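One structure is given here, and the rest of the page talks about it.
The values are calculated or read from the model by the stated rules, or taken from the named source; none is laboratory data. What you see is a predicted model, and the numbers here were worked out from it, not measured in a lab. Because the Cβ atoms are built from the backbone with ideal geometry, glycine has one as well, and the counts that use them run over all protein chains shown. Keep in mind that these areas ignore ligands, DNA and RNA; they rest on the heavy atoms of the full protein, side chains included. Shrake-Rupley method; radii C 1.70, N 1.55, O 1.52, S 1.80 Å.
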Amino acid sequence: MTRSGFLGAVIVGGLVLVAILAPWLAPYPSHAGAFVDVDLAYHPPNADHLLGTDGVGRDLLSRLLFAYRTSFLLACVVLLLAVPIGVTTGLAAGYLGGWLETVILRTTDIFLAVPSLVLAMAILGLFDPSLTMAMVAVSFAWWPWYTRLVYNVTRSIRTEGYVEAAETAGAGPLRTMFGEILPNARGPILTKMTLDAGFVILMGAGLSFLGLGAEPPTPDLGTMVAAGTPLLPDVWWPTVFSSLGIVIAVLGFNLLGDGIRDLFGADESC
Amino acid sequence: MAELLAVRDLGKRYGRVVALDGISLGIAEGESLAVVGQSGSGKTTLGRLVVGLERPTAGSIRYRDGELAHRSRTRAERKAIQLVPQDPLSTLNPSRTAGANVALPLVVHGLPRGRARLVELFDKVDLAERFVDRFPSELSGGQRQRVAIARALATGPRLIVLDEPTSALDVLVQARVVRLLERLRQDLGIAYLFITHDLALVNSVANRVAVLYRGRLVELGPTDSVLRKPQHPYTRRLLSNVAVVDEAEERLKPARPDDEAVDQEFA
């Protein structure tokens, strides 16, 4: 793996550990919840609170560590929903062809014509915003990308000798699609999943920044940035540190994704 | 010899493009029939129709007593007609071991697929047991093509369609694969539909030759007479384009000394 890919793996691995171990790593675990201590409000970074405190006196470092739990939960759920749907529809469109291909591809066109963030916001506008609804909405906007990716890979693999040999041997469509084609598409899919994990986190933060995602007091990178912005530039630490938290996560996933792409020798198509 | 496969007035159109037009030919049990022609002559299409990757738009394909052309094939028919694809780079699934590639038709048909059976199949194509666990990327072109042949043999077929099985291999490896195919045909009595553009090869692999030109069958006859006394002008033109078929070179090809031993040593 390349050096930058390795750095990405270290960052992502570190953040995953942070998210898992947050209750033990955080100096004030109770501050992840609805803790209030007005006397501590807006303390700048100091020895007791390395990243300072927010408007109700909660330790920002503790909240940041817990916020990664929200972010990773979002990324995992979105990918777990979007990838299987995209993979199945992409394989079906690319391998079976015919009217199914037309229906699936035109459907993805409709989704892809609208920017994902706007589409997710529109969906959230129909329901009461919550973290769960945000996950569903982002997944809804995300699966067509996987359909397109898997469709393209399938089209290029379906005429390979081993696929035709499997068909001649009598392998049915399901076995050919999931047994012969899908394993050879794992490079591009894994690469895209890794890159997307970063973008999903970014989009989730964007939605909660707009008040459409995680609700207080759940620690979330987006809501933390939103809570800090009115007080800039005097009270800079809530905004700066939670933004940095987003930057580091997205950067880590991007570097790791590039590393995985190089590892599989895949092209630049994803 | 009994007729194994009979093709009558076979036609295939893709929209307005006519790929095959009125082809009639038969393959006897244990016979090797070469189909030659330039690219675009329809020879690959003929192979795809015979193995059932595509359905014809006209005519019939009879295997023994069954008409295959316009229906899905039975399990027995699928087992009986197998394919060795063209490109050694893509003939095997790169994410499975050679053994798992060979096991696929066994899995599909619920046949015994234990280690012993795989080793037996690898042995038929002169590959040692250790190749069972190798990945395709660790094999040479000739070895991959032999694994593909082992996979085609797995279901105990009566007819194998070989689509340019040696075109991407160098002459030395080509000669070995051809010898292997010839031996398998004699030992197992399998018939071959040997698709190739290489007339020099036809001489050593085929009992009869069918010449295709723009989707039509222009000549069909015993290899000897087609190569030595071609009747159709297109066949003569094909023959005149062949680089080497003088007697000396022809003798040289199969007479390579002990390249099996060399190959085993470096394998």
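Could you list, in sequence order, all residues of the stretch B:59-91 that are assigned to a loop (DSSP other than H, G, I, E, B), basic (Lys, Arg) and at the interface with chain A (Cβ under 9 Å from one of its Cβ atoms)? Matches in the stretch B:59-91: B:Arg73 only. For A:Thr102, the stated conditions do not hold, so it cannot be described as among the polar types (S, T, N, Q), open to solvent by 60 Å² or more (accessible area, probe 1.4 Å) and closer than 30 Å to A:Leu17 by Cβ. The residue that is farthest from A:Pro144 (Cα to Cα), counting only those in the stretch A:73-91 that are of a type outside the set (Val, Ile, Thr) and surrounded by fewer than 20 Cβ atoms within 10 Å (Cβ to Cβ), is A:Leu73. Just one of (1) more than 14 Å from the chain's Cα centre (by Cα); (2) surrounded by fewer than 24 Cβ atoms within 10 Å (Cβ to Cβ); (3) more than 8 Å from chain A (Cβ to nearest Cβ) fails for B:Val102. It is (2). In a helix (DSSP H, G or I) and within 30 Å of B:Leu159 (Cβ to Cβ), is that true of A:Phe199? The answer is no for A:Phe199.
Exactly one condition in (1) more than 10 Å from chain A (Cβ to nearest Cβ); (2) in a loop (DSSP other than H, G, I, E, B); (3) free of Cβ contacts under 8 Å to residues at least 60 places away in the same chain is false for B:Pro94; which is it? All conditions are met except number (1). Would a scan of the stretch A:248-259 turn up a residue that is among the aromatic types (Phe, Trp, Tyr) and within 21 Å of the chain's Cα centre (by Cα)? For the stretch A:248-259, residues among the aromatic types (Phe, Trp, Tyr) and within 21 Å of the chain's Cα centre (by Cα): present.
Does the stretch B:105-135 hold any residues that are among the aliphatic types (A, V, I, L, M), within 14 Å of another protein chain (Cβ to nearest Cβ) and open to solvent by less than 10 Å² (accessible area, probe 1.4 Å), and which are they?
Selection gives B:Leu106, B:Leu121.
Within the stretch B:135-153, identify whether any single residue is in contact (Cβ under 8 Å) with a residue 60 or more places away in the chain and assigned to a loop (DSSP other than H, G, I, E, B), and answer yes or no. No, every residue in the stretch B:135-153 fails to be in contact (Cβ under 8 Å) with a residue 60 or more places away in the chain and assigned to a loop (DSSP other than H, G, I, E, B). Of all residues in the stretch B:31-58, those that are away from every other protein chain (no Cβ under 14 Å) and either surrounded by 23 or more Cβ atoms within 10 Å (Cβ to Cβ) or modelled with pLDDT of 90 or more (or both) total 14. Just to check your reading of the model, which residue among B:Thr91, B:Thr74 is among the hydroxyl-bearing types (Ser, Thr, Tyr) and surrounded by fewer than 23 Cβ atoms within 10 Å (Cβ to Cβ)? After ruling out the rest, the residue left standing is B:Thr74. When we screen A:Tyr151, A:Tyr146, A:Tyr95 for residues that are of a type in the set (Phe, Trp, Tyr), open to solvent by less than 10 Å² (accessible area, probe 1.4 Å) and closer than 25 Å to A:Ala185 by Cβ, the only hit is A:Tyr146.
A:Ala93 meets the stated requirement of being over 26 Å from A:Gly198 (Cα atoms), among the small types (Gly, Ala, Ser) and assigned to a helix (DSSP H, G or I). Scan the stretch A:5-59 for residues that are at pLDDT below 90, surrounded by fewer than 17 Cβ atoms within 10 Å (Cβ to Cβ) and either touching a Lys or Arg at 6+ places or on another chain (Cβ under 6 Å) or part of a helix (DSSP H, G or I) (or both) and the total you get is 8.
Scanning the stretch A:154-165 for residues that are away from chain B (no Cβ under 11 Å) and crowded, with 20+ Cβ neighbours inside 10 Å yields one hit, A:Thr154.
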